[in-house]
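Here the structure comes first, spelled out in structure tokens, and everything after it is commentary.
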Amino acid sequence: MEQNAEVGILEKARREPVKVSLKDNIEYLRDALGVDKSFDVIQLDVEYAEREMALYLVDGFVKDDILHYLMKMLAGLDAAQLEGDTLSRLIKTYIPYVEVETTDDLDKVVDMVLAGPTALVVDGIDEVILIDARTYPVRGPQEPDIERVVRGSRDGFVETLVFNTALTRRRIRDRTLRMEYMQVGRRSKTDVVVSYIEDIADPDMVKKIKESISKIDTDGLPMAEKSIEEFISGRHWNPYPMVRYTERPDTAATHLYEGHVCIIVDGSPSVIITPTTFWHHLQHAEEYRNKPLVGAYLRFVRFLAVWASIFLLPLWYLFAIEPQLLPDALSYIGPNDTGELPLVVQFLMIELGLDILRMAAIHTPSALATALGLVAALMIGQVAVEVGLFINEVILYLAIAAIGTFATPSYEMSLANRLIRIGLLISTSIFHTYGYVVGILLMIIMLARMKSFGVPYLWPFIPFNLRAFRDVLLRSPIPLKNRRPRFLHPKDPDR
């Protein structure tokens with residue numbers, strides 16, 4: 001690790017100054033950019049106003065019409081117009097574009113060209129002009145599949161960083177909204193933006209998150225936001241998510257107004273929200289798109305489904321193997337026939353089968369999705385019961401648990417809850433009542449010990465805060481939510 005850190009420091013300290021001679025600059029840039037080896041890295045040797053110049057760009061990253069217009073403007077210059085302070089005349093008068101900057105570091109020029117901007121190298125000037133006329137292949141900001149709502153905005157984040165920051169600023173026109181730019185990855189140079197409202201967010205929290213990102217020492221971030229999360233959150237063997245993902249700009253804006261910090265990564269449509277608690281992963285925008293009473297009902301139903309997905313299946317299994325725990329009025333709950341296979345084996349087989357089907361559905365073309373559904377119905381339906389592989393009760397209760405899993409708003413939370421459910425099933429099958437009770441106790445202890453950037457994961461349940469816990473259980477009317485969450489330590493606690 002120390003050696004890697006030293007390499008990172010040396011790379012940051014590396015600097016190749018721009019020469020006055022165009023020939024020397026071209027020699028370095030051709031080699032560093034691999035102009036002769038990569039077909040999409042282009043060097044244009046041009047001459048404007050009796051001066052030799054060179055343009056460096058990546059094909060596919062440049063807006064052709066903008067570049068054509070700038071070249072047309074430069075072609076109309078004569079030598080007298082560039083006499084004196086040539087650099088100042090070019091960037092202030094003869095290059096009519098918004099995003100123009102200069103640098104005296106050829107290494108920065110290489111990094112910028114590979115990121116999209118165009119570099120203009122002029123003979124006799126010891127600085128390079130960078131023209132940020134880039135464009136990226138991008139899809140439209142359509143509504144995300146995972147976070148659909150019946151009513152509400154239909155736009156969603158995309159894979160382009162600038163688009164995502166614009167979607168956020170469209171909803172937050174606060175003059176203290178900050179979008180702080182960073183780069184991560186020695187080779188990938190991935191663009192990362194830390195977004196927060198300066199007048200609201202806790203400065204210590206912002207500093208902690210920025211320091212965590214700046215300490216990332218790796219060659220690249222191929223998985224974008226997921227790689228960032230694993231570096232900054234830790235607890236790699238804990239299944240529960242330490243951050244929340246969203247593809248909805250309105251959800252990100254809501255959390256920024258509360259005092260959260262958002263991390264936007266180029267190449268990903270998912271924005272990271274930090275810090276988060278367990279309860280953040282159980283909330284959905286649909287609750288706030290309805291009347292408060294309806295939203296409270298939807299939240300109650302969602303909580304019920306989530307708890308059922310974790311505890312109902314192991315509880316029924318406990319009653320099945322220890323029927324004496326059931327009162328006479330509920331004796332019908334237990335199975336009359338356990339089938340040819342042990343119940344726990346049946347549960348584990350269906351759990352694995354559902355995961356296999358879920359993965360198969362992801363990789364199945366839409367045209368074959370109906371066929372896959374029919375196969376699934378035959379495999380886990382009546383045919384499996386008739387051959388004696390499963391019993392009806394097992395399919396019923398696992399279907400309830402599966403529905404609760406799909407009703408969980410956070411995909412990461414639903415997968416973590418599934419692992420906990422399997423663990424409870426195994427512990428109950430081995431230790432019966434003690435296994436079920438102790439398993440739940442260990443789960444609560446694990447969650448209570450977790451922290452997301454110093455914030456207790458189960459807050460406001462542990463440590464307990466009555467007012468905040470009421471807001472967790474109930475969807476309060478917006479006019480009554482006049483205080484920001486206390487655990488975020490906002491600079492402006494009053495809304």
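The values are calculated or read from the model by the stated rules, or taken from the named source; none is laboratory data. None of these values were measured; they are calculated from a predicted model. Counting neighbours? That spans all protein chains shown, and the Cβs are built from the backbone with ideal geometry, glycine included. Accessible surface areas use protein heavy atoms only, side chains included; no ligands, DNA or RNA. Shrake-Rupley method; radii C 1.70, N 1.55, O 1.52, S 1.80 Å.
Just the residues that are in a loop (DSSP other than H, G, I, E, B), out of contact with any helix residue (DSSP H, G or I) (no Cβ under 6 Å at 6 or more places or on another chain), touching a residue at least 40 places away in the same chain (Cβ under 8 Å) and open to solvent by less than 40 Å² (accessible area, probe 1.4 Å), please, taken from segment 203-239.
Just the residues of segment 203-239 that are in a loop (DSSP other than H, G, I, E, B), to begin with: 215-224, 234-239.
Filter once more, so that each one left must be out of contact with any helix residue (DSSP H, G or I) (no Cβ under 6 Å at 6 or more places or on another chain): 215, 218-220, 222-224, 234-238.
Filter once more, so that each one left must be touching a residue at least 40 places away in the same chain (Cβ under 8 Å): 224, 235, 238.
Those that are in a loop (DSSP other than H, G, I, E, B), out of contact with any helix residue (DSSP H, G or I) (no Cβ under 6 Å at 6 or more places or on another chain), touching a residue at least 40 places away in the same chain (Cβ under 8 Å) and open to solvent by less than 40 Å² (accessible area, probe 1.4 Å): ALA224, ASN238.
Could you list, in sequence order, all residues of segment 397-447 that are within 23 Å of the chain's Cα centre (by Cα), more than 16 Å from LEU313 (Cα to Cα) and open to solvent by 70 Å² or more (accessible area, probe 1.4 Å)?
Scanning segment 397-447 gives a single hit, TYR411.
Among the residues of segment 147-167, which ones are in contact with a helix residue (DSSP H, G or I) (Cβ under 6 Å, 6 or more places away or on another chain) and either polar (S, T, N, Q) or on the phi < 0 side of the Ramachandran plot (or both)?
Residues satisfying the conditions are VAL149, ARG151, SER153, PHE157, LEU167.
When you scan segment 165-186, do you find a residue that is part of a strand (DSSP E or B), within 25 Å of PRO493 (Cα to Cα) and among the aliphatic types (A, V, I, L, M), even just one?
Our first condition is that a residue be part of a strand (DSSP E or B); within segment 165-186, this holds for 177-184.
Those still in the list that are within 25 Å of PRO493 (Cα to Cα) too: 177-180.
Still in the list and also among the aliphatic types (A, V, I, L, M): 177, 179.
There is at least one residue in segment 165-186 that is part of a strand (DSSP E or B), within 25 Å of PRO493 (Cα to Cα) and among the aliphatic types (A, V, I, L, M).
What single numbered condition from (1) open to solvent by less than 60 Å² (accessible area, probe 1.4 Å); (2) under 21 Å from LEU44 (Cβ atoms); (3) in contact (Cβ under 8 Å) with a residue 24 or more places away in the chain; (4) not β-branched (Val, Ile, Thr) fails to hold for GLU99?
(1)
Going by what's in this entry, would ASP199 be described as at pLDDT 90 or above, in contact with a Lys or Arg (Cβ under 8 Å, 6 or more places away or on another chain) and not in a strand (DSSP E or B)?
Values: at pLDDT 90 or above: yes; in contact with a Lys or Arg (Cβ under 8 Å, 6 or more places away or on another chain): yes; not in a strand (DSSP E or B): yes.
Yes, satisfied.
Matching residues to (1) of a type outside the set (S, T, N, Q); (2) open to solvent by less than 50 Å² (accessible area, probe 1.4 Å):
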residue: VAL41; (1), (2): yes, yes
residue: LEU44; (1), (2): yes, no
residue: GLY60; (1), (2): yes, yes
residue: MET73; (1), (2): yes, no
residue: LEU82; (1), (2): yes, yes
residue: THR93; (1), (2): no, no
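For VAL385, state whether it is within 21 Å of ARG418 (Cβ to Cβ), at pLDDT 70 or above and open to solvent by less than 60 Å² (accessible area, probe 1.4 Å). Spell out the reasoning first.
Numbers: within 21 Å of ARG418 (Cβ to Cβ): no; at pLDDT 70 or above: yes; open to solvent by less than 60 Å² (accessible area, probe 1.4 Å): yes.
Criteria not met by VAL385.
Which one of these is of a type outside the set (Phe, Trp, Tyr), modelled with pLDDT under 85 and not in a loop (DSSP other than H, G, I, E, B): ALA361, ALA308?
Working: ALA308 fails: modelled with pLDDT under 85.
It is ALA361.
Identify the residue in segment 328-350 that is open to solvent by less than 70 Å² (accessible area, probe 1.4 Å) and assigned to a loop (DSSP other than H, G, I, E, B) and, among all such residues, is nearest to ILE426 (Cα to Cα).
The selected residue is LEU341.
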